[in-house]
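Scroll down for the structure; my scribbles are underneath it.
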Amino acid sequence: MESGILTKTEHKSSIKPKKNEKVTSKAWHLYIVQTRLGHWYTGITTDVNRRFEEHSNGIGAKNLRGKGPLELIFHKQVGDRSQASILECHVKKLSKPQKRIWVTDEQSKLESNL
């Protein structure tokens, strides 16, 4: 981000802490949001609830503006920023049917760990 241009995975609201927010080493999460038309948006953040609220209020990714109501259909704690970015890139390259299979498999793994 040295050039000042933010990439898709470097959206300013997902990497800069809010005012008065302590800067700590937080775990990163991958999340998937579904639009009213069934389109899926994949992203990463340290605070899934905050980020989903931003998307729902039209503050988040331009890709989701005006496409609500939105539904958070999946999220998973990944680890650090690097791991989250790598997984996000991998998931974004999957076709929609492959993503559906991946999400189902990941949800099964999460449920079996309960």
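Numbers below:
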{"quantity": "Pairwise label distance in nanometres, Lys93 with Gln34, each label 7 Å out on the Cα-Cβ vector", "calculated": "2.6"}
{"quantity": "Radius 12 Å from Cβ of Leu70, net charge of other residues (Lys, Arg +1; Asp, Glu -1)", "calculated": "+1"}
{"quantity": "Sorted peptide list for 53-59, 72-78, 108-114, criterion being average Cβ within 10 angstrom, highest first", "calculated": "72-78, 53-59, 108-114"}
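Just so you know, all these numbers are worked out from the coordinates, no wet-lab data involved. What you see is a predicted model; the values in this text were computed from it and never measured. Note: ideal-geometry Cβ built from the backbone for every residue, glycine included; neighbour counts use all protein chains shown.
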